[in-house]
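Student: Can you keep this structure in mind? I'll have questions shortly.
The values are calculated or read from the model by the stated rules, or taken from the named source; none is laboratory data. Everything quoted here is computed from the prediction, not taken from an experiment. Ideal geometry is used to build each Cβ from the backbone, glycine not excepted, and the neighbour counts take in all protein chains shown.
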Protein chains: 2
Amino acid sequence: MDIKSYLEEKRGFINVYLKAYFASTMLPDALYKSITYSLFAGGKRIRPILALASYEACDGHAQDILPQAAALELIHTYSLIHDDLPSMDDDDLRRGQPTNHKVFGEAIAILSGDALLTEAFFMMSNMQSHDARSTMHDTGEEYHNHREHSPKYSSPITCRLLLRALSEVAFASGIRGMVGGQAQDILAENSEPDKETLDFIHLHKTAALIAASVRIGPILADSGTGRLNALTRYGESIGLAFQIVDDLLDVEGTTRELGKPVGSDRKKRKLTYPSLYGIDVARKKAEDCLTEALHALKEFSSSADPLREIAHYLVLRRH
Amino acid sequence: MDIKSYLEEKRGFINVYLKAYFASTMLPDALYKSITYSLFAGGKRIRPILALASYEACDGHAQDILPQAAALELIHTYSLIHDDLPSMDDDDLRRGQPTNHKVFGEAIAILSGDALLTEAFFMMSNMQSHDARSTMHDTGEEYHNHREHSPKYSSPITCRLLLRALSEVAFASGIRGMVGGQAQDILAENSEPDKETLDFIHLHKTAALIAASVRIGPILADSGTGRLNALTRYGESIGLAFQIVDDLLDVEGTTRELGKPVGSDRKKRKLTYPSLYGIDVARKKAEDCLTEALHALKEFSSSADPLREIAHYLVLRRH
């Protein structure tokens, strides 16, 4: 299969959905501009694509879960905006462009992240797309009718499965997932290298949301335990590989490829796989994860080929 | 009825639920300490109590919706932590104690807010309470079994209603609600007073989440349109009154009563009701909101007496 075409097609679906969702200006204007600046800055949409691909591997139609998949990109984008803040990683460049707070200021950057995170759960709950111009002024009957009876998008997925997928994503994003990992990453800066801490950071900061992105496929498809467990192993393996490869690129890549200064992790004395084990061992670990990910998919038919190709792509990418 | 006992009893329910939820330390420790520092700093639990009271006004049993009600306090607490940050309102005191970032630093304060917001949606989705010690290390079968089959709390509310309530709260908290209001508040500092901007800020920053807290009562009770509309009018009226009274207290109160320096709004040239219309007109407006709120409840029996008393309490409070 042609993985490039597959990724482009799925990225197109996600972008069309997100563009339509954020088509009407939301007030205040500065907040809306800040949100769309970061959301449409050329992200690869890896997490939404993983959700669509794992849903397809469970015989679902990708179009049925676009809101749930797209919501993952809102969460990812919020995490980048907050991670780049001066009090966190203090980064000036992201994807070759000035970071959000450099353009819009810290207050609006923090609020944009807050808004994206909140909107993700609204999007996942998928009850309706509110008209962007609706405000609290629409009270009483009109407000009620507008809110309850004007769905723009109706899902074929049951409420029970929507709730389960939302719960999954919230768990993976919070203190017991991504936020916990980012906090530990900040706390571990300039401290002595330590294997347990590094594992905690990797598994929580990046792998948790990636694994959840994969898991919502079988959850929304209401697949059985076997498929869910297999895809969980796949998701955790590529999630770990993804973070290791990110760390390797920070050491090996060029600024042009990365869109951010090379070696910025080392300058901050970040705890990474290459810094703790060296480049060769880190590269070997990423390849072991790839093997484990492919092994987890062994019972799946060709419907899981995109997942297989994505695993290769994530480990072998150059940026 | 004795409103003080009522508020104390309901506050007790919420505090017991929250204490149990956060009983096991979550890692990393600094993040957990920061979260519980702010969450258990003596908040009045107004939003959860409003949800419980409006659910009871619709003939529900308060205990059935504790997770949904308690989640509102997580969202409120996150908003306070982020609003107090140096790049936002730059406040050093909150409820008489140093603000979160003063104690734990900006990075952990931002992440604590992010974690509380995320956890709120996990709590509302109510699929299960994960064991705090579970991590991504529990892979495969064990992880799966743990996550899917160990609910500590099972809800009598259908998934459809849980999803609808969650959607309601997410909408009221995001760009078209609380975050939008806070952004406009920040953007309007030091600008010329303007009635439309003030209305936007009041309706979004505070009233939206308070109205949503009231609305999830009839939503979770699956009440009809009539009750939902009436409680919506009640919620929006007391939400607006609540913000106006807050602004009045900032002008009239003492530091001891408020737990923060008096006149801090004026020092920042915040746009408020008293600053735009004067104290007397603002006080009159709050009382009009109280009248409107009570009028909205006219079809309700004595089951809505707590809501009536809470409206009085919010408008007449001294801190």
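Student: Which of the residues spanning the range A:219-246 are free of Cβ contacts under 8 Å to residues at least 24 places away in the same chain and either of a type in the set (G, A, S) or out of contact with any helix residue (DSSP H, G or I) (no Cβ under 8 Å at 6 or more places or on another chain) (or both)?
Tutor: Hit for the range A:219-246 is A:G224, nothing else.
Student: Which ones in the range B:211-246 are more than 11 Å from chain A (Cβ to nearest Cβ) and more than 17 Å from the chain's Cα centre (by Cα)?
Tutor: Selection gives B:L220, B:A221, B:D222, B:S223.
Student: Right, here's the next one. When the residues of the range B:38-71 are narrowed to those that are within 13 Å of chain A (Cβ to nearest Cβ) and of a type outside the set (S, T, N, Q), which ends up nearest to B:G235 (Cα to Cα)?
Tutor: Ranking the candidates gives B:A71 first.
Student: Would it be correct to say that B:A286 is farther than 17 Å from B:G181 by Cβ, of a type outside the set (D, E), touching a Phe, Trp or Tyr at 6+ places or on another chain (Cβ under 6 Å) and at pLDDT 90 or above?
Tutor: no
Student: Among the residues of the range A:1-24, which ones are closer than 16 Å to A:I310 by Cα, of a type in the set (K, R) and either surrounded by 12 or more Cβ atoms within 10 Å (Cβ to Cβ) or in contact (Cβ under 8 Å) with a residue 60 or more places away in the chain (or both)?
Tutor: Correct list: A:K10, A:R11.
Student: If you take the residues of the range A:190-210 that are within 10 Å of another protein chain (Cβ to nearest Cβ) and either surrounded by fewer than 19 Cβ atoms within 10 Å (Cβ to Cβ) or in contact with a Phe, Trp or Tyr (Cβ under 6 Å, 6 or more places away or on another chain) (or both), which of them is farthest from A:Y234 (Cα to Cα)?
Tutor: Here the answer is A:T197.
Student: Could you check the range B:60-79 and list, in sequence order, the residues that are β-branched (V, I, T) and over 16 Å from B:L161 (Cβ atoms)?
Tutor: B:I75, B:T77
Student: Then there's this: Which residues, counting only those in the range A:14-29, are in a helix (DSSP H, G or I) and either polar (S, T, N, Q) or in contact with a helix residue (DSSP H, G or I) (Cβ under 6 Å, 6 or more places away or on another chain) (or both)?
Tutor: Residues satisfying the conditions are A:I14, A:N15, A:Y17, A:L18.
Student: Still on this structure: Applying the selection to the range A:1-13, what residues are part of a helix (DSSP H, G or I) and not aromatic (F, W, Y)?
Tutor: A:I3, A:K4, A:S5, A:L7, A:E8, A:E9, A:K10, A:R11, A:G12, listed by residue number.
Student: While we're here: Under 7 Å between Cβ atoms, which residue pairs at least 6 apart in sequence (or on different chains) link something in the range A:203-218 that is more than 17 Å from A:D247 (Cβ to Cβ) and of a type in the set (V, I, T) with a partner that is assigned to a helix (DSSP H, G or I) and at pLDDT below 95?
Tutor: From residues that are more than 17 Å from A:D247 (Cβ to Cβ) and of a type in the set (V, I, T), there are no pairs.
Student: Next question. Name every residue in the range A:190-246 that is farther than 23 Å from A:A62 by Cα, among the small types (G, A, S) and in a loop (DSSP other than H, G, I, E, B), in order of residue number.
Tutor: Hit for the range A:190-246 is A:S191, nothing else.
Student: So, one more: Please work out if A:S24 is under 18 Å from the mean Cα position of the chain (by Cα) and polar (S, T, N, Q).
Tutor: no
Student: Would you check if B:S38 is over 23 Å from B:G177 (Cβ atoms) and surrounded by 22 or more Cβ atoms within 10 Å (Cβ to Cβ)?
Tutor: No: the conditions fail for B:S38.
Student: Okay, moving on. Go through the range A:157-171 and give me each residue that's within 16 Å of A:L72 (Cβ to Cβ) and either facing chain B (nearest Cβ under 7 Å) or among the aromatic types (F, W, Y) (or both).
Tutor: Those that are within 16 Å of A:L72 (Cβ to Cβ) and either facing chain B (nearest Cβ under 7 Å) or among the aromatic types (F, W, Y) (or both): A:L162, A:R164, A:L166, A:S167, A:A170, A:F171.
Student: Continuing with the same structure: Taking the range A:172-189 on its own, how many of its residues are within 7 Å of chain B (Cβ to nearest Cβ) and either in a loop (DSSP other than H, G, I, E, B) or at positive phi (or both)?
Tutor: Here the count works out to 3.
Student: Tally the residues that are more than 8 Å from every other protein chain (Cβ to nearest Cβ) and touching a residue at least 40 places away in the same chain (Cβ under 8 Å), restricting the search to the range B:93-125.
Tutor: Summing the residues that are more than 8 Å from every other protein chain (Cβ to nearest Cβ) and touching a residue at least 40 places away in the same chain (Cβ under 8 Å) in the range B:93-125 gives 14.
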